[in-house]
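Worksheet: the structure to be examined is printed underneath.
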Amino acid sequence: MGIEHAIPYSSMSNDTSRFKNKRILIIGKGNSAFETADSLLETSSNIHLISPDDFTFAWVSHYPGHLRSINQSFLDTFFLKQQNAILNGTIESIQKSESGQYLVDITFSEDGEQELNTYDYVINCSGFKCDFSHYSADIQPELCLGGMFPKLNHLWESANITDLFFCGSNMQCNDYKDSSTPFIHGIRHNAEFLSKIIINKLYNSTIAIDEKLQSRDEIYDVLSDRIKRATPIWFLFGNVYDLIKVNESGGYDFFGSIPKLVFKNDTIFEHFTGYILEFSYRLPKDNDEKLKFSQHGFLHPIICKYKESQLIDEIHMLEDIYGDWEDLNKLDNGIKRFILSGKF
């Protein structure tokens, strides 16, 4: 293919003098590609970005790894026709010519048309794969997502190697581009729960109950406090829950910050009856309720009611632009009544 002719993003420096008045092709449309393009705007003559598909704005997807506004200066030069371009296509080959330039054979995604373009430099910002070469053959983990990450079960344990757990960016297999797992504000909370998983495994114990509750008033008090202060369900929105489970004695067991896949797969939560608190961008299904919420879909608390593992009802708390939810009387939207009344 000729990818060896491309400059890796990891080798780029702040000295852009070598690119003065040069034609540049950047492979990729993520933050690293746009960051690189922005840095070369005042130096190069032309910049093209290429990947098979369109880019996605982070403010639309709510995924921090998609294109952030801080890296979007290049877009003005494209949309205002300043000789830069964003291409949807596949690179078939990169060949170095006698002049030292690079002939890049491109097949465009829209119509399959092929074109041979000439560039002075090609820069590779197409992403990364984790390096598993240091693992011996007998503990080589099965991979997922095109070989980027280890394939995991719901406990962040290798799908094919027992007792091999992963932490950090290598946790992404289970919720890829669906939350904040790849970033420090997500990693720290996943790592905390992973430590509990390993401790439970070492001591042959189950997930601990954080608090025993006896009444629906206590449920409301606990959930009210969690809405204001629980960072795991905020940062790992839609992928970490607070659970209040009806127990055999008629009381309630509170479990804080349980990963969604643990809830779905651990036997302790089979036939779950109770409440789930999560933060999410999704809007209510009821059309009248939707009108109360911004169409931008701000992150907000949702309380779901389950019976025998079936969702039977849910209520959305009104969004708060400060994100603190201190004035629950103002933002309640019926949550107190939802908890204190009705049976499962």
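Condition first: at negative phi and either touching a residue at least 60 places away in the same chain (Cβ under 8 Å) or open to solvent by less than 40 Å² (accessible area, probe 1.4 Å) (or both). Now tell me which residues in the range 134-147 satisfy that.
Initially, the range 134-147 is screened for residues at negative phi, giving 134-144.
Hits for the range 134-147 are 141, 144.
Suppose we keep only residues that are in a loop (DSSP other than H, G, I, E, B) and in contact with a strand residue (DSSP E or B) (Cβ under 9 Å, 6 or more places away or on another chain) within the range 73-98. Which one would you say is most open to solvent (accessible area, probe 1.4 Å)?
Within the range 73-98, the first condition is being in a loop (DSSP other than H, G, I, E, B), and the residues that meet it are 80-84, 97-98.
Retained after the next criterion (residues that are in contact with a strand residue (DSSP E or B) (Cβ under 9 Å, 6 or more places away or on another chain)): 83-84, 97.
Numbers: 83: 136, 84: 21, 97: 33 Å².
That would be 83.
Only one of 227, 258, 233, 244 is open to solvent by less than 20 Å² (accessible area, probe 1.4 Å) and free of Cβ contacts under 8 Å to residues at least 40 places away in the same chain. Can you tell me which? Before the answer, list the steps.
Details: 227 fails: free of Cβ contacts under 8 Å to residues at least 40 places away in the same chain; 258 fails: free of Cβ contacts under 8 Å to residues at least 40 places away in the same chain; 233 fails: free of Cβ contacts under 8 Å to residues at least 40 places away in the same chain.
Within the list 227, 258, 233, 244, the selection yields 244.
Among 120, 53, 105, 131, which is the only one that is over 19 Å from residue 9 (Cα atoms) and either open to solvent by 60 Å² or more (accessible area, probe 1.4 Å) or touching a residue at least 40 places away in the same chain (Cβ under 8 Å) (or both)?
Answer to the check: 53.
Mind listing just one residue for me: the one in the range 299-324 that is more than 18 Å from residue 281 (Cα to Cα) and assigned to a loop (DSSP other than H, G, I, E, B) and, of those, nearest to the chain's Cα centre (by Cα)?
Ranking the candidates gives 309 first.
I'd like the residue in the range 272-299 that is at pLDDT 95 or above and either open to solvent by 10 Å² or more (accessible area, probe 1.4 Å) or β-branched (Val, Ile, Thr) (or both) and, out of all such residues, is nearest to residue 229 (Cα to Cα).
The selected residue is 278.
Please specify each residue of the range 31-45 satisfying the condition of being open to solvent by 30 Å² or more (accessible area, probe 1.4 Å) and not in a helix (DSSP H, G or I).
Those that are open to solvent by 30 Å² or more (accessible area, probe 1.4 Å) and not in a helix (DSSP H, G or I): 41, 42, 45.
The values are calculated or read from the model by the stated rules, or taken from the named source; none is laboratory data. Computed from a prediction, not measured in an experiment: that's the story for all the values here. Here Cβ is always computed from backbone atoms with ideal geometry, including for glycine, and neighbour counts include all displayed protein chains. Side chains are part of the model used for accessible areas, which takes the heavy atoms of the whole protein and leaves out ligands, DNA and RNA. Shrake-Rupley method; radii C 1.70, N 1.55, O 1.52, S 1.80 Å.
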